[in-house]
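J.: Following this message is one structure expressed as structure tokens.
Any read-out appearing in this document is the output of simple, stated calculations on the displayed coordinates, not a laboratory observation. For clarity, every value in this text was computed on a predicted model and none was experimentally measured. Glycine gets a Cβ as well: all are built from the backbone with ideal geometry, and neighbour counts include every protein chain shown.
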Amino acid sequence: MAGIGGKPVAIVGAGTQGARLAYMWSQLRRPVHLIDQNEQQLQKAQEYIRGLRKSSSPGQDGWGNMDTFTSNRLKEAISPAWLVLECVPESLQLKKKVIKELNDVASKDTIIASNSSSYTISDIVEDVDLENRSGFLNWPPETPAIEVMGSEETSPEVIALMMEQCKLHKFMPFQVHKSSTGYIYNRIWAAIKREALLTVAEGVASPEEVDTIFKEVLKTPKGPCEQMDVVGLDVVLDIEEHYAETREGLPQAPREYLKKMIAEGKLGVKSGNGFYSY
């Protein structure tokens, strides 16, 4: 692995997560390249980052440069980077497409990471024509907590470098020592979502009651039903279907309940109705 020096981190996808990651990677005066197909989204991301910087302090050397690129300048943005993070929507086919595009334009020693919270890097690079798989890993952030997981082909040096750099940039990295659908946190969170759905589906409690007791006991700002509404119930269902494909014995009832809500047009916040009205 070549030295990082003044090489940038490149982030593909300028949504909320991509913008927040760009802000955090720039804290040590390291350059960041933020890439999106939509110029307006890049402008929104820059405004969001400026707001975050106003309420926080950089490292002792000041903030790193933040350059934005539209997707038609992908090679220009990616080729000098030591690390490329894809933050595109949670679609396996889309992630495969993007990873292939990144691999085609990145330097050979560039680390390429996916932010996927439900698909492993092994899932994403499967059937994708890649010359070298030693620099690919998963890096789904629950900011500032980050889970670093490679495939069987990922170089141990890549994992070690990512753990070191994450700590320097004020992230809290956790190494996932074995390939795991859902990693660490999301495996636990998936079980909570599943039981919350079962509790409501069986008529044991209403969504409001589930969320209220959850928040009262664990002192969290949102309950599981509120969180699912924010994510989108169609996205929650997709994730649950993927878990069911990879793990035997998961109950069908939570997925059936989600399907019923989705058929009624209840997708959560984005449709105006889910467990709650918005």
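J.: List, in order, the whole-Hz ³J(HN,Hα) value for each residue of segment 224-233 obtained from phi through the Karplus relation with A = 6.51, B = -1.76, C = 1.60 and θ = phi - 60°; use x for Gly and Pro.
T.: x, 5, 4, 4, 5, 4, 5, 5, x, 5
J.: Segment 118-269: Rg/Rh from Cα coordinates, Kirkwood Rh?
T.: Numbers: Rg = 17.8 Å, Rh = 17.3 Å.
Over the Cα atoms of segment 118-269, Rg/Rh equals 1.03.
J.: Long-range amide H contacts for Asn273: which residues qualify at under 5 Å (H placed 1.01 Å from N, peptide plane, sequence gap of 5 or more or a different chain)?
T.: Long-range HN contacts for Asn273: Leu267, Gly268, Tyr278.
J.: Taking every pair of alpha-carbon atoms in the chain, give the share separated by more than 37 Å as a whole percent. Show your work: numbers first, answer last.
T.: Details: 6393 of 38503 pairs.
When every Cα pair of the chain is considered, 17 percent fall beyond 37 Å.
J.: Under a 5 Å amide H to amide H cut-off, with H placed in plane at 1.01 Å, what residues pair with Leu250 once short-range neighbours are removed?
T.: Close amide H contacts, sequence-distant or interchain: none at all.
J.: Also, quick follow-up: Antiparallel as a % of all DSSP beta bridges within the chain, to the nearest 5?
T.: Values: 6 of 30 bridges.
Rounded to the nearest five, the antiparallel share is 20 percent.
J.: Related question: For segment 149-197, what ratio Rg/Rh do Cα atoms give with a Kirkwood hydrodynamic radius? Could you put the intermediate results ahead of the total?
T.: Working: Rg = 13.7 Å, Rh = 12.4 Å.
Result: Rg/Rh = 1.10.
J.: A further question follows. Could you list which residues have their amide H under 5 Å from that of Asn138, counting only those 5 or more apart in sequence or on another chain, with H placed in the peptide plane?
T.: So Asn138 has HN proximity to Ser114, Ile121, Met149, Gly150.
J.: So which of Lys75/Lys100; Lys167/Lys222; Lys100/Lys170; Lys193/Lys215; Lys193/Lys259; Lys75/Lys97 end up more than 18 Å apart by C-alpha?
T.: Among Lys75/Lys100; Lys167/Lys222; Lys100/Lys170; Lys193/Lys215; Lys193/Lys259; Lys75/Lys97, the Cα-Cα distance tops 18 Å for Lys167/Lys222; Lys100/Lys170.
J.: Identify the trypsin sites (Lys or Arg not before Pro) of segment 178-278 meeting these criteria: DSSP loop state and at most 16 other C-beta atoms within 10 Å of the C-beta.
T.: On the way: sites: Lys178, Arg187, Lys193, Arg194, Lys215, Lys219, Lys222, Arg247, Arg255, Lys259, Lys260, Lys266, Lys270; in loops: Lys178, Lys219, Lys222, Arg247, Lys266.
Taking segment 178-278 and a limit of 16 other Cβ atoms within 10 Å, the loop trypsin sites (Lys or Arg not before Pro) found are Lys178, Lys219, Lys222, Arg247.
J.: Check cross-link reach from Lys95 to the aspartates and glutamates: straight Cα distance under 17 Å, and skip same-chain residues fewer than eight apart.
T.: Asp36, Glu86, Asp104, Asp123, Glu126, Asp127, Asp129, Asp238
J.: Size of the dipole of segment 92-242 about the Cα centre, Lys and Arg at +1 and Asp and Glu at -1 on the beta carbon, nothing else charged, in debye to 20?
T.: Values: 15 positive and 26 negative charges, 102 e Å.
Its charge dipole is roughly 500 debye.
J.: Add +1 for every Lys or Arg and -1 for every Asp or Glu among the other residues with Cβ under 15 Å from the Cβ of Asp211, and state the total.
T.: -2
J.: Would you please name the GluC sites (Glu not before Pro) within segment 193-229 that are DSSP coil residues with at most 13 other C-beta atoms within 10 Å of their C-beta?
T.: Here the GluC sites (Glu not before Pro) that fit, given the DSSP loop and packing criteria, are Glu202.
J.: So, counting K/R as plus one and D/E as minus one, what does the shell of residues with Cβ under 13 Å around Leu250 add up to? Numbers along the way, then the final one.
T.: On the way: positive: Arg187, Lys193, Arg194, Arg247, Arg255; negative: Glu195, Glu240, Glu241, Glu245, Glu248, Glu256.
Spelling it out: positives minus negatives among the neighbours equals -1.
J.: Now a separate question. Between His177 and Ser79, what's the calculated FRET efficiency when r is the beta-carbon distance and R0 is 35 Å? Round to 0.05. Before the final figure, lay out each step's value.
T.: Working: r = 32 Å, r/R0 = 0.93.
Efficiency, rounded to the nearest 0.05: 0.60.
J.: Taking the chain as a Gaussian network, Cα atoms linked when under 10 Å apart, which of Glu248, Glu256, Glu152 shows the biggest mean-square fluctuation?
T.: The residue that fluctuates most here is Glu248.
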